[in-house]
Every structure is written in structure tokens, then in C-alpha cells.
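J.: Can you read through this structure? Questions will come right after.
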Amino acid sequence: MAQTQLTFARVIMHIVAFIFLAGYMLYQKVPLVQGMFMFAVCVFYWLIYLSYVIVNNMKPKTPKFKLAGKRVVITGGSSGIGFELAKLCVEAECSKVVIIARNEGRLKAKVAELKEMVSTDDQVISCLSLDLSSDGAEIANRMKRLGGVDLLVNCAGYSVPGEFENLDTNVFEDMIKANYLSAVHTTHAIVPSMIEKKQGQIVFLSSVGGQLGIYGFTGYSGSKYAIRGFAEVLYHELRPYDIGVSLAFPPDTKTPGFDKEMEQKPKLCQAISEQAGLWEVEDVAKIIKDGIVKRKFMIGFGSDGYFMNALSAGASPANSVLEFWVHSFLGPILRVYMLFLQNMWTNMIDNELKTN
Ligand SMILES: NC(=O)C1=CN([C@@H]2O[C@H](COP(=O)(O)OP(=O)(O)OC[C@H]3O[C@@H](n4cnc5c(N)ncnc54)[C@H](OP(=O)(O)O)[C@@H]3O)[C@@H](O)[C@H]2O)C=CC1
Ligand SMILES: CCCCCCCCCCCCCCCC(=O)[C@@H](N)CO
């Protein structure tokens, strides 16, 4: 509230300054063209200034989320991106790192690996074996027993690709549970304590497949678009409590989950997906970590990721005023660029299916 009023006062100040300037120019009988130029400069300055204030008002109050000393929970922390992030959190001296997954053997092995990286005596590493696709009440109960959480990273999830007509509809339900509802339940369990503490950061894993429709991802994309809708609303609801929300959109990344996906990926799905490259899990985790520290909302990977974020920014919170303006101008151009990329995909699909 205080911040909004301040903005209002600043707007009034600008209007008053503008009236004085206009009055001075009339008094000095400044030529019309020159006056109009001045006016344009003022409007331009104003727009930049206002967008700067608004973008910053839309962010959590604390600009950085420092990892040292934080209590972290990572779902899907026993493999792939989640485990790599757990390593980075241990390295950054988080005071507590809890990894959650189903397979207890793998969890224990990964906890042992993490414990070897510990640098201070008071760092606690532990795990929780829990099926996040199960009943919400059960998840809430088990999660609440973990105690306070400062950073929640929702990494648990997987992809079952396939042409729609070949996918069992159960797969859709399973992915909504594992990729989407899992994050709803974990977040619901920890948010009250974050609100009380007025501190926290919550991270969700969407995918480039949650930004545009790729052949073969009907089930997967449904769940990853859902995460985005959820995260975007949550961002606005939690900002007043200085709780940040981040949403990462990784491309294909070398993980055990990706290997499994490859076993059943339609050729077309693979051919289109690989145009965004195949990333090393270390690089992906590092970018997510940096995004968390900077409290970014949309986290993209590399230049393609930056472009994909610009293309799909919509009305999502901007990470900075510069990013806001770059996205605003790049967005429409990228829409045209995508037309040609998609023409290629359309031709690939037609050639493969030979229906035309
Ligand atoms: N790798 C990629 O190409 C990309 C991945 N992503 C997303 O990133 C996230 C991580 O992917 P990635 O690292 O590849 O995945 P991995 O398969 O390597 O790891 C997945 C983790 O989630 C856990 N998990 C899966 N289902 C459940 C469940 N029902 N309850 C609890 N834990 C579960 C797994 O453990 P366990 O099986 O023991 O439960 C494992 O720890 C996923 O959400 C994925 O969709 C996004 C874009 C690209
Ligand atoms: C304007 C810029 C253009 C950029 C090119 C875009 C090309 C589209 C590629 C789509 C890649 C989809 C990856 C899904 C990864 C994933 O989530 C699964 N691997 C999970 O296992």
C-alpha cells in the first residue's frame, strides 16, 4: 500500500513538472515542432519511468533470495535436475536440504552423496519417501512434519510422450497428478508457514513443452501448462508476503527421466524437440539456481529460452524493466519467426504421415 501511494505521489509530481514545462514553453513562445518534440520526450521518459516503478512494485520486496542458511525441500531430488539442484543448495551452504521421491533406496544413496559435500557441521541433509501422486491429505501430513521451509523446489515429474490416439487416457490423469497436483499439494502444505514468516521462494518446473505445442506432447504439455497457470496466479497472491515464485522452462536435458522418455518418443516429437538442443543437467540446474537467487519469475535457458519466454510472456510478471521492454518488442517479431519454424514442423509431420 505504502509503495502504491508513493507511486501516485510520483505521478502527480510528474504531471506538475510537465504543466510547468508546457507553461514555460508557451511563455517563451517555443515553436510548435520543438514543443511537440519536447512533449514526445516527456511521454517517452514517463513511460519508461512508470514501467520501472510498476515492474518493481510487482516484485517481492526483498530483491535477492540468498541460499546460505535456508531450509530447502526439493521434490524429485533423488534424480536428474532435482538432485543437481540439491547439490548446488548444499554447496551454497543451505542449512537443511530435504529431498523427496518414492524410491527409498535411491533417496538414501543420494543423501549419502550429498552428505559428502557438506562443508559446515550444522548442515542437515535428509530425505522423505513419499508418493506425490497420492492422496493430498497424506502428502500434507507428511510434509508438515518437516517443519519450516524457506525454499520449495517442485521437480518431481515425468513425461509420457505419444500420439494422442495411442496414449491411454489414464496417462493424462497420472501426469496431472505427478506433474501438477503434486506441486499443488506440497505448496499448500508449506505456504502457511512461509506467510507467517513473510519469507520464502517456491519453484515450479514447467518445460518448453509448457510454452508451445509440440507433436506428441498432448498429455505432458497439458500438465506443464497447468503448472504455469497455477504459478502465475500464486505469484500475485504471495508477493505481499515477500514470498517469490519461479517458473522454469527447460528444454531437453540429459537426465534419467529424459532417457526414459526417449524410449517411447515418437520420431516427430524427438525431431522437433531436439531443435531446442539437448542440455547438460549441470547447466540447467545452475541457471535455475541463479534464477532463484534473483527471484526471477520466468526462468529460460540460453538464447532460445530467452526468445521462448519473450514469445510466451503474455501478462506474466517481468524480471526487470529491461526484460519487459525487450520482450514487448521481440514478442511480435518472434511470432512471425515462429510461423516459419512451424511451417517446417508442419512439413515434417506431413512428410512422415504422408496423409497429403
Ligand atoms: N529432463 C528434461 O528433458 C526436462 C525435464 N523437465 C521437468 O523437470 C523435472 C525433473 O525432470 P528430470 O530431472 O528429467 O526427471 P528424473 O526422472 O531424472 O527425476 C524425477 C524425480 O522425480 C521423482 N518422482 C517422480 N514421480 C514422483 C512421484 N509420484 N512422487 C514423488 N517423486 C516422484 C523421481 O523419483 P522416484 O521415481 O523415486 O519417485 C525422481 O527423483 C520434471 O518435472 C520434468 O518434467 C522439464 C523440461 C525438460
Ligand atoms: C523462438 C525461439 C525458437 C526456439 C526453438 C524451439 C524449438 C522447440 C523445441 C521444443 C522442445 C520441447 C522440449 C521438452 C522437454 C521436456 O520437457 C521433456 N524432455 C521432459 O522429459
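The values are calculated or read from the model by the stated rules, or taken from the named source; none is laboratory data. Since this is a predicted model, take the numbers as computed values, not measurements. Note: ideal-geometry Cβ built from the backbone for every residue, glycine included; neighbour counts use all protein chains shown. Side chains are part of the model used for accessible areas, which takes the heavy atoms of the whole protein and leaves out ligands, DNA and RNA. Shrake-Rupley method; radii C 1.70, N 1.55, O 1.52, S 1.80 Å.
J.: Expressed as an acute angle from 0 to 90° and rounded to the nearest 10, what is the orientation of the C-alpha long axis of helix 104-115 relative to the principal long axis of the chain?
T.: Between the helix axis and the principal axis of the chain, the angle is about 60 degrees.
J.: Run the numbers on the chain and let me know its relative contact order in percent, using alpha-carbon pairs under 8 Å that are six or more apart.
T.: Result for the chain is 16 percent.
J.: In vacuo Debye scattering of the chain, one point per C-alpha: log10 I(q)/I(0) at q = 0.07, 0.08, 0.11 Å⁻¹?
T.: -0.37, -0.47, -0.79
J.: So, one more: Using only the C-alpha atoms of region 1-110, find the volume of their convex hull and express it per residue in Å³. Before the final figure, lay out the partial values.
T.: Working: hull volume 16.8 nm³, N = 110.
Given the Cα convex hull of region 1-110, per-residue volume reads 153 Å³.
J.: Relative to the longest principal axis of the C-alpha atoms of the chain, give the angle of the C-alpha long axis of helix 2-27, reported between 0 and 90° and rounded to the nearest 10°.
T.: 30 degrees
J.: Pairs K110/K267; K66/K224; K177/K294; K224/K254; K70/K286: which are spaced more than 24 Å apart, C-alpha to C-alpha?
T.: K110/K267; K66/K224; K177/K294
J.: Using R₀ = 22 Å, calculate the FRET efficiency as 1/(1 + (r/R₀)^6) where r is the Cβ-Cβ separation of M348 and K260; round to 0.05.
T.: 0.35
J.: Let me ask something additional. Compute the FRET efficiency between E163 and V30 as 1/(1 + (r/R0)^6), taking r as their Cβ-Cβ distance and R0 = 45 Å, and round to the nearest 0.05. Display every interim value, and only then the final one.
T.: Numbers: r = 68 Å, r/R0 = 1.50.
With a Förster radius of 45 Å, E is 0.10.
J.: Kindly provide the GluC sites (Glu not before Pro) of region 278-334 that DSSP labels as loop, not H, G, I, E or B, and whose Cβ sees at most 16 other Cβ atoms within 10 Å.
T.: The qualifying sites are E280.
J.: Scan around F65 for amide H atoms under 5 Å from its own, H built in the peptide plane at 1.01 Å from N, and keep only partners 5 or more places away or cross-chain.
T.: Here the answer is K294, R295, since their amide H atoms fall under 5 Å of that of F65.
J.: Compute the separation of the alpha-carbon centres of region 255-272 and region 288-356 and state it in Å as a whole number.
T.: Between the Cα centres of region 255-272 and region 288-356 lies a distance of 21 Å.
J.: I'd like the distance between the alpha-carbon centres of region 125-186 and region 12-69, rounded to an integer number of Å.
T.: Centre-to-centre (Cα) distance: 46 Å.
J.: While we're looking at this one, here's another question. Rounded, prolate or oblate: which fits region 168-285, taking a ≥ b ≥ c as square roots of the Cα gyration tensor eigenvalues, rounded meaning a/c under 1.5, else prolate when a/b beats b/c?
T.: prolate
J.: As I understand it, the value is the acute angle between the Cα axis of helix 80-91 and the longest principal axis of the Cα atoms of the chain; what does it come to in degrees, rounded to 10?
T.: With rounding to tens, the tilt is 70 degrees.
J.: Another question, if that's okay. Just to check I understand the Karplus step: with θ = phi - 60° and J = 6.51 cos²θ - 1.76 cosθ + 1.60, what whole-Hz values come out for region 327-336, glycine and proline as x?
T.: Along region 327-336, the couplings run 4, 4, 8, 6, x, x, 5, 5, 4, 5 Hz.
J.: If you don't mind, there's one more thing I want to ask. Keeping the other protein chains in place, figure out the carbon and sulfur percent of the accessible area of the chain, with a 1.4 Å probe.
T.: It is 61 percent, rounded to a whole number.
J.: Over the alpha-carbon set of region 1-57, work out the extent along each principal axis and list the three values in angstrom, largest first.
T.: 42, 17, 7
J.: Shifting gears a bit: Once the piece of chain linking N141 and L341 is laid out straight, how much longer is it, given 0.36 nm per residue of separation minus the C-alpha distance between them?
T.: 67.3 nm
J.: Near the amide H of L247, under 5 Å away, which other amide H atoms are found, from residues 5 or more places off or on another chain, if H is placed in the peptide plane?
T.: F204, M298, I299
J.: DSSP loop GluC sites (Glu not before Pro) in region 67-158 with at most 12 other Cβ atoms within 10 Å of their Cβ, which ones?
T.: Answer in residue order: E116.
J.: Another one. Once phi is turned into ³J(HN,Hα) by the Karplus curve 6.51 cos²θ - 1.76 cosθ + 1.60 with θ = phi - 60°, what whole-Hz value does each residue of region 224-231 show in order, with x for glycine and proline?
T.: So the J values, rounded to whole Hz, are 7, 5, 4, 4, 5, x, 4, 4.
J.: Find how much the distance from N103 to K294 grows on full extension, using 0.36 nm per residue of separation minus their present alpha carbon separation; answer in nm with one decimal. Intermediate values should be presented prior to the final figure.
T.: Numbers: separation 191, 0.36 × 191 = 68.76 nm, distance 3.23 nm.
In short, 65.5 nm is gained.
J.: How much area per residue is accessible in region 1-57 when the probe is 1.4 Å and only protein heavy atoms are counted (Å²)?
T.: It amounts to 82 Å² per residue over region 1-57.
J.: Which of rounded, prolate or oblate describes region 281-350 when judged by the alpha-carbon gyration tensor and an a/c cut-off of 1.5?
T.: Cα axes put region 281-350 in the oblate bin.
J.: Still on this structure: Hey, can you grab everything whose amide H is under 5 Å from the amide H of V153? Only 5+ residues off in sequence or another chain; H modelled, so Pro and N-termini drop out.
T.: It is V73, I74, T75, V203, by chain and number.
J.: Moving on to the next point. To the nearest 0.05, how large is the calculated FRET efficiency for K66 and W325 if R₀ is 30 Å and r is the Cβ-Cβ distance?
T.: Calculated value: 0.60.
J.: While we're on this one: Could you run the Karplus curve 6.51 cos²θ - 1.76 cosθ + 1.60 with θ = phi - 60° over region 320-326 and give me ³J(HN,Hα) per residue in whole Hz, x for Gly and Pro?
T.: 7, 5, 5, 4, 4, 6, 4
J.: Another question about this same structure. Roughly how many Å² is the accessible area per residue of region 71-335, as a whole number, for a 1.4 Å probe?
T.: Heavy-atom accessible area per residue stands at 43 Å².
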